[in-house]
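These notes concern the structure reproduced below.
The values are calculated or read from the model by the stated rules, or taken from the named source; none is laboratory data. None of the values given here were measured: they were computed from a predicted structure. Cβ: placed from backbone, ideal geometry, glycine included. Neighbour counts: every protein chain shown.
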Amino acid sequence: MNNNNNMNNTNNNEINKNNSIDLFDWGLTDSFHELYKSNHSDLHLGRVIFESKNLYKIVAEEGELIGEIKGLINLHATGREDFPAVGDWVVMDRGSNKTGNAIIMDILERKSMIKRRVAGNRLDTQIIASNVDYIFICIALNGDFNLRRLERYLSIVWDSMATPVVILTKADLCDDVDEKISEVESIALGVDIHATSAINDIGTEIINSYLGSGKTGTFIGSSGVGKSTLINNLIGHQHLETNGLRNDDKGRHTTTHRELLSLPGGGVVIDTPGMRAIQVLDIDESINHAFEDVEALMLQCKFSDCNHHTEPGCAIKRALKTGELSESRYANYLQLKKETEYLRRKMDKKAAGEYSQHFVKQTISRRKAKKFFKNAK
């Protein structure tokens, strides 16, 4: 679906004057409402439901608005996180404008935010969704099933401050569902796991049980795992475009943008495009959370500074030998740690460069000032 068409589909940019929207149906909570009333009661409150090229579709009490960011936000922004994202609660100034347009003045402090590093060597952060309560990690049982990829998903979800839930889709195309669930349980410690089938409408009620008034969920996963089909089942009709299965029973990529949608039973969900690459950020603690079993084993090593190579009494080596810890899981743990350490060094180098440039500018300014006052005498 064309982004511009989505952005312009706002009742011809005219506000619905007859039907006031209850923002609690769009995930508003008492804490966000109090934050708004305490600091921005003179402005309009709304939630970003769609983003495209620095324009934002926002749902407010008056209806759907098209928002642009204030100039000062552009001026003071230091990164992507300083701009609105789908799921954000924002405050807007409409002035005397009655055409459905607004200026975004500020973003209310986020309670959660799932993000990843953009693909490639750039350090930019990509915000997937904000102010989410539950993140449904979708893994297809008919071909997308990959425990190492799931470990990466869990790492970025634990960093988001939201609660992860693993959804194993396309159970109707898998002959060993119970075995797959056991494999996921071995790495997704303490995480709810559910097998679903959108074709047979199995799992819709389970997912609905996590959602309701004031709750927001989002679905993440690879392209074609069935996220949009699951959301269509939650909504109760074909709202999102889906393209079925290819000849190899794998789903076709459909979603090209992030969109927040309200559910008939209360609560909202955010549909997201499939992820081809999962680049982690500097999330060392979240990796430790996703690999609690590995961290626990390290505490059992004979020496506190054990490198897990040739040292005697190494619990990691013992677990690898007995099969308690799989070599692939441990290798993925080391790879994620390596990526975060590389990113940390790169970011420190960038920060050092920025400080150096700032120091040079300050030195030049001081020299100019001294020269000015010297000539003034």
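Residues in the stretch 192-211 that are assigned to a loop (DSSP other than H, G, I, E, B) and either of a type in the set (S, T, N, Q) or on the phi > 0 side of the Ramachandran plot (or both): T196, N200, D201, G203, S209. Scanning the stretch 286-340 for residues that are in a helix (DSSP H, G or I) and in contact (Cβ under 8 Å) with a residue 12 or more places away in the chain yields a total of 21. Tallying residues that are farther than 16 Å from S223 by Cβ, modelled with pLDDT of 85 or more and not aliphatic (A, V, I, L, M) within the stretch 260-276 yields 4.
One residue alone among D93, D88, D82 is under 25 Å from S41 (Cα atoms) and modelled with pLDDT of 95 or more, and that residue is D88.
Being among the small types (G, A, S), closer than 28 Å to H40 by Cβ, at pLDDT 90 or above and surrounded by fewer than 21 Cβ atoms within 10 Å (Cβ to Cβ) is a description that does not apply to S130. Residue count for the stretch 24-54 satisfying the condition of being farther than 21 Å from G95 by Cα and not acidic (D, E): 13.
Screening V165 on (1) modelled with pLDDT of 90 or more; (2) more than 23 Å from L336 (Cα to Cα) shows it passes everything except condition (2). For the stretch 176-192, taking the residues that are surrounded by 18 or more Cβ atoms within 10 Å (Cβ to Cβ) and under 20 Å from the mean Cα position of the chain (by Cα), the one that is modelled with the lowest pLDDT is identified as A188.
With respect to A296, is the statement that it is modelled with pLDDT of 80 or more, more than 22 Å from I202 (Cα to Cα) and not assigned by TED's automatic domain parsing to the domain that holds A129 true? Yes. Those strands (runs of 3 or more DSSP E) of the stretch 50-157 in which 3 or more residues are within 30 Å of I187 (Cβ to Cβ) and within 22 Å of the chain's Cα centre (by Cα) occupy 113-117, 125-130, 134-140.
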